[in-house]
Amino acid sequence: MNLLLAATTAPSPVPLQHALYLALALFAVGLVGVTCRRNILIVLLSVEIMLNSANLALVTFSRATGNLDGQVFVFFAMVVAAAEVAVGLAIVIAVYRLRQSTDIDDADELAEVDYGPVAPLALEGEDHHHHDDHGHDDHGHGEDTEAAHAPAPVSAADDAGEE
Amino acid sequence: MTTALFYVFGATALAAALLAVTRKNAVASAIWLIVMFFGLAANYVLMEAWFVAVVQVLVYAGAIMVLFLFVIMLLDLRTEVLESTAAPRLPAVGVIAALLFLVGGGIAVHSASLDPGPDPQTGEARQAAALFPDEVATGPEIEGTAENIGGEIFGKWILAFEVTSVLLLGAILGAVILTKRRLT
């Protein structure tokens, strides 16, 4: 409000109420995308549309009240959106590796017995005893050499692509 | 002129958003979403939010969409896969939810006003002002320049800014761990 007192007033060049209607419409479009689309990538894109409509509303309110806090909040919202996209796309890749699909209805169960051709994420130690029985040549050379031979279901090409 | 430009860019953004949601191919969706980001960035410029407009182009149209396109092309979906995920799921639910949201939000925006609260000196209630006044404050103090926004972020909101760095670190670790096949 101190900022508002220091500044002069002028006719608003942008119809602010219509800007808020635009934000509403964009959010509705994003809502339809999230609820109706099957492709998980387009669902994530629709979430971005909804986040952008919220940003537009924040900037509009910032302009209407003469207060910069709304624009600072948009900055933070963009940072959170970037983090959300990074984690969300990592989940998409993990789900695709597990189910070979981007259809969100294929990922409606928390656990599934058949993991397909690729092994799920394995923690250290899970595979060790399982593979002890196969008897590698370098059995007595210690833990680290054994671990290097452990990943049976993951092909060499996949490993190279990952690292 | 500015008002006309606002309608042009607003209509562009809305049309691009509609196209992005309805495209069969995720790459086409992503490209239309970039158009929407630019339309919104232009509207931010018209509202004198310069910093937000630049960050919108850099972060959204730049970094985030590159990440999206990279993942879309990494998955490399075949045409038959795209066909199988093209049909809408629960279209009635989505459209009804969107219409309800539009009606409710439209009523809220249509009747919105700004309650200034009681006067700090006298304690008397003040009359509510229009939230969307014909006259808005202007001046170098409240323009969304990098200088003004930076002053706010590194002054009033410094704690939130520092917490943001922890959030980004968590996101980096989460993304790396999620996409690794083995943690050893």
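The values are calculated or read from the model by the stated rules, or taken from the named source; none is laboratory data. The shown structure was predicted, so the numbers you read here are calculated from the model rather than taken from an experiment. Virtual Cβ from ideal backbone geometry, glycine too; neighbours counted across all protein chains shown. Only protein heavy atoms, including side chains, enter the accessible area calculation; ligands, DNA and RNA are left aside. Shrake-Rupley method; radii C 1.70, N 1.55, O 1.52, S 1.80 Å.
Scanning the stretch B:52-67 for residues that are among the hydrophobic types (A, V, I, L, M, F, W, C) and more than 7 Å from chain A (Cβ to nearest Cβ) yields B:Ala53, B:Val54, B:Val57, B:Leu58, B:Ala61, B:Met65, B:Val66.
Residue count for the stretch A:11-29 under the criterion of being open to solvent by less than 30 Å² (accessible area, probe 1.4 Å) and in a helix (DSSP H, G or I): the result is 10.
Within the option set A:Ser53, A:Ser62, A:Ser46, A:Ser101, being more than 22 Å from B:Phe132 (Cβ to Cβ), assigned to a helix (DSSP H, G or I) and either in contact (Cβ under 8 Å) with a residue 60 or more places away in the chain or of a type outside the set (Val, Ile, Thr) (or both) holds for one residue only, A:Ser46. Of all residues in the stretch B:72-85, those that are open to solvent by 90 Å² or more (accessible area, probe 1.4 Å) have Cβ atoms under 9 Å from Cβ atoms of residues that are not aromatic (Phe, Trp, Tyr), 6 or more apart or on another chain, in B:Met73/B:Val27; B:Leu74/A:Ile93; B:Thr79/B:Asn25; B:Glu83/B:Lys24. All conditions in (1) surrounded by 12 or more Cβ atoms within 10 Å (Cβ to Cβ); (2) without any contact (Cβ under 8 Å) to a residue 12 or more places away in the chain; (3) closer than 19 Å to A:Gln17 by Cβ hold for B:Ala112, with the sole exception of (2). Within the stretch B:78-93, if we keep just the residues that are at the interface with chain A (Cβ under 8 Å from one of its Cβ atoms) and in a loop (DSSP other than H, G, I, E, B), the residue that is farthest from A:Arg99 (Cα to Cα) turns out to be B:Leu90. Being within 16 Å of the chain's Cα centre (by Cα), free of Cβ contacts under 8 Å to residues at least 60 places away in the same chain and under 15 Å from A:Leu51 (Cβ atoms), is that true of even one residue in the stretch B:7-16? Looking for residues that are within 16 Å of the chain's Cα centre (by Cα), free of Cβ contacts under 8 Å to residues at least 60 places away in the same chain and under 15 Å from A:Leu51 (Cβ atoms), one finds at least one in the stretch B:7-16, hence yes. Among the residues making up the stretch B:158-173, those that are more than 20 Å from the chain's Cα centre (by Cα) and not small (Gly, Ala, Ser) are B:Ile158, B:Leu159, B:Glu162, B:Val163, B:Val166, B:Leu169, B:Ile172, B:Leu173. Residue count for the stretch A:5-25 under the criterion of being among the aliphatic types (A, V, I, L, M) and modelled with pLDDT under 90: the result is 6.
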